[in-house]
1. Across region 86-119, what is the number of residues that are charged (D, E, K, R) and within 13 Å of the chain's Cα centre (by Cα)?
2. When you scan region 59-74, how many residues do you find that are hydrophobic (A, V, I, L, M, F, W, C), within 13 Å of Ala110 (Cα to Cα) and buried (at least 21 other Cβ atoms within 10 Å of the Cβ)?
3. Gly93 fails exactly one of the following numbered conditions: (1) among the small types (Gly, Ala, Ser); (2) touching a residue at least 40 places away in the same chain (Cβ under 8 Å); (3) farther than 18 Å from Ala35 by Cα. What is the number of that condition?
4. May I ask you to verify whether Asp27 is at pLDDT below 95, part of a helix (DSSP H, G or I) and of a type outside the set (A, V, I, L, M, F, W, C)?
5. Restricting to region 39-50, and then to whatever is buried (at least 16 other Cβ atoms within 10 Å of the Cβ) and either among the acidic types (Asp, Glu) or part of a loop (DSSP other than H, G, I, E, B) (or both), can you tell me which residue is nearest to the chain's Cα centre (by Cα)?
6. Go through (1) of a type outside the set (Lys, Arg); (2) exposed (fewer than 15 other Cβ atoms within 10 Å of the Cβ); (3) at pLDDT 95 or above; (4) not in a loop (DSSP other than H, G, I, E, B) for Val36 and report which single condition fails.
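The values are calculated or read from the model by the stated rules, or taken from the named source; none is laboratory data. Just so we're clear, the structure is a prediction, and the values are computed from it rather than from any experiment. As a convention, Cβ positions derive from the backbone with ideal geometry for all residues, glycine included, and neighbour counts pool all protein chains shown.
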Amino acid sequence: MLALSGISANELKTIKTDVEIEMESPDDLSAFCKAVMQGDVETVKKFIELGEDVNQKSLGKAPIHYAARYNKADVLQVLIDNGADVKKRCDGGMTAIKYAKLSNATEAQAVLEAAMKKK
């Protein structure tokens, strides 16, 4: 655990010094995006069946960004088949294909390229 001046990193998300440091906690990530990151296809399908928005961002990224970043090609295909926007940008301006390329996520990249050709 990181502690600064008696303040635990677990207690704060933003620490002010000369620069601002923002820390994201995995606990803040939506359950849907956690299932996407873990590659849990059945849980992702169940969330979608129950009405989950496949384009809803969590911590600034849509589920498609997490699937691309972590090379979860099967989940990525499920998201696309259920209306995920393959051109959607995260809050930082990156697309899913960019995440796949930066992560060397070749299977995810292939799924995204095939989906973009169909559009």
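1. Count: 4.
2. Within region 59-74, residues that are hydrophobic (A, V, I, L, M, F, W, C), within 13 Å of Ala110 (Cα to Cα) and buried (at least 21 other Cβ atoms within 10 Å of the Cβ) number 2.
3. Of the numbered conditions (1) among the small types (Gly, Ala, Ser); (2) touching a residue at least 40 places away in the same chain (Cβ under 8 Å); (3) farther than 18 Å from Ala35 by Cα, the odd one out for Gly93 is (2).
4. yes
5. Checked region 39-50; the qualifying residue nearest to the chain's Cα centre (by Cα) is Gly39.
6. (2)
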